[in-house]
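The values are calculated or read from the model by the stated rules, or taken from the named source; none is laboratory data. Treat the numbers as computed from the prediction; the structure is a model and nothing was measured. Ideal geometry is used to build each Cβ from the backbone, glycine not excepted, and the neighbour counts take in all protein chains shown.
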Amino acid sequence: MGFERIDDLLNGVTADGSLHGIAATVVSRDSVLYEGAAGDAGPDTMFRNASMTKAVATTGALQLVEQGRLDLDATVASIVPEFGELQVLEGFEGGKPVLRAPRAQATVRQLMNHTSGCGYHFLNEKLFTYCADHDWPNVLQGKKQSISAPLVHDPGTVWEYGVSTDWLGQVVEAVTGQALGDYLAENVYGPLGMTDSTFTPTDEQRERLLPVLSRQPDGSLAPTTVDLDAEMEWDAGGHGSYGTVADYGRFVRAWVNGGQLDGTRILKEETVELALRDHLDGVPLPAKLEPADPELANPVELLPVPQGWGLGFHVYSIDLPGMRSAGSGDWSGLFNTFYWIDRKAGIGAVIATQLLPFFDGKMVETILGVEAAVYAELGAAVS
């Protein structure tokens, strides 16, 4: 297949200074269809995966489910007792937080589909205020305490994006007796040949790390001090991994291919199918995510089409014309990294830069252009 249009997009958006570096890969069940990079990014550039870590950590947990070592409907507190100590932040009275016990205990499944009650400080005003007033660390600062901030909802009642997958990583560690990074190295990264994927980059890997820049009000790019802390106290299953686009492309290929790659199986096909189905049980996704900290994220509006959340993945319930198919899974990372998995069409892709705030307009425009080019080429090849 020829994807010259993608080259044009990547070269164009870096040549005009809209982005400082960008890399992309497009994969099928059997091969890599496209790899390219432009600007300050090259084929070996390392990226902060941020929330793209969630799908990999969830894959590790799903392996344990397959092995009968983990029950999706077990309470988190029965595996990680500290989770049972979390209270719900109802609001504030006289400037003081109002906390109470949750009306139910969250389950492992609810960690995977973000209905556990956990939030992120930069997306939830209540939590943002609480963290600011109590000098509570946020998840970028490397302190494990950050994930023990109060819940913002009763489990099972509201979809709220937050530290759920960080807690899922703690579940994996409790079940296996291994650090999350070590478990994933043995059971996901290693088997899939993801040789640059890690929670603890070497000095050589850090030299290949694309710097994070920040979009300024006038549209220009400038350095920022916001970054993942280099000295993390824990392997953060929600956001703490690094790797190349090619590495993550191998992970996407395994999912496109029903849980296997190059003869190595990491998940059963029925587990892949289960994970890419909606598990919200009637809990709605919000139409719009409004950030509490505009330095980190722009508002995100979801397409007004049927969609939901599976086990570790956002999922679309219908075909998007000229784009991905019903049943496709996708997500992204804070520093503007994105992927999708379309098992029906047998195709997936990864596109990444390192830029704040999240959901940058120019990056989103580029992603949509890449996706349109991929499916136009796919349609041309089929016809």
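Tabulated values for the structure
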| read-out | value |
| --- | --- |
| Single residue of 60, 39, 12 found to be touching a helix residue (DSSP H, G or I) at 6+ places or on another chain (Cβ under 9 Å), without any contact (Cβ under 8 Å) to a residue 24 or more places away in the chain and not polar (S, T, N, Q) | 12 |
| Extreme residue, surrounded by the most Cβ atoms within 10 Å (Cβ to Cβ), among residues of the range 90-108 that are more than 11 Å from residue 154 (Cβ to Cβ) and among the hydrophobic types (A, V, I, L, M, F, W, C) | 108 |
| Given (1) without any contact (Cβ under 8 Å) to a residue 40 or more places away in the chain; (2) surrounded by fewer than 22 Cβ atoms within 10 Å (Cβ to Cβ); (3) over 24 Å from residue 116 (Cα atoms); (4) not acidic (Asp, Glu), index of the condition residue 336 fails | (2) |
| Sole residue being within 22 Å of residue 349 (Cβ to Cβ), surrounded by fewer than 17 Cβ atoms within 10 Å (Cβ to Cβ) and touching a Lys or Arg at 6+ places or on another chain (Cβ under 8 Å), chosen from 301, 269 | 301 |
| Test for residue 80: is it more than 21 Å from the chain's Cα centre (by Cα), modelled with pLDDT of 95 or more and under 27 Å from residue 272 (Cα atoms) | yes |
| Among the candidates 149, 179, residue that is modelled with pLDDT of 95 or more, within 18 Å of residue 82 (Cβ to Cβ) and surrounded by fewer than 17 Cβ atoms within 10 Å (Cβ to Cβ) | 179 |
| Residue match in the range 45-63 (condition: aliphatic (A, V, I, L, M) and in a loop (DSSP other than H, G, I, E, B)) | no |
| Residue match in the range 173-183 (condition: in contact with a His (Cβ under 9 Å, 6 or more places away or on another chain) and not polar (S, T, N, Q)) | no |
| Subset tally (residues that are under 17 Å from the mean Cα position of the chain (by Cα) and assigned to a loop (DSSP other than H, G, I, E, B)) for the range 317-331 | 1 |
| Answer from 190, 162 - the residue that is among the small types (Gly, Ala, Ser) and in a loop (DSSP other than H, G, I, E, B) | 162 |
| Counted residues, the range 249-288 - those being in a helix (DSSP H, G or I), among the hydrophobic types (A, V, I, L, M, F, W, C) and farther than 24 Å from residue 195 by Cα | 2 |
| Scan of the range 219-233 for residues that are in a loop (DSSP other than H, G, I, E, B) and out of contact with any Gly (no Cβ under 8 Å at 6 or more places or on another chain), ordered by number | 219, 224, 225, 226, 227 |
| Residues of the range 212-244 that turn out to be farther than 27 Å from residue 144 by Cα and within 17 Å of the chain's Cα centre (by Cα), as a count | 0 |
| Evaluation of residue 282 against (1) under 18 Å from the mean Cα position of the chain (by Cα); (2) of a type outside the set (S, T, N, Q); (3) modelled with pLDDT under 95 (one fails), failing number | (1) |
| Residue under evaluation residue 132, criteria (1) in contact with a Phe, Trp or Tyr (Cβ under 8 Å, 6 or more places away or on another chain); (2) part of a helix (DSSP H, G or I), criterion not met | (1) |
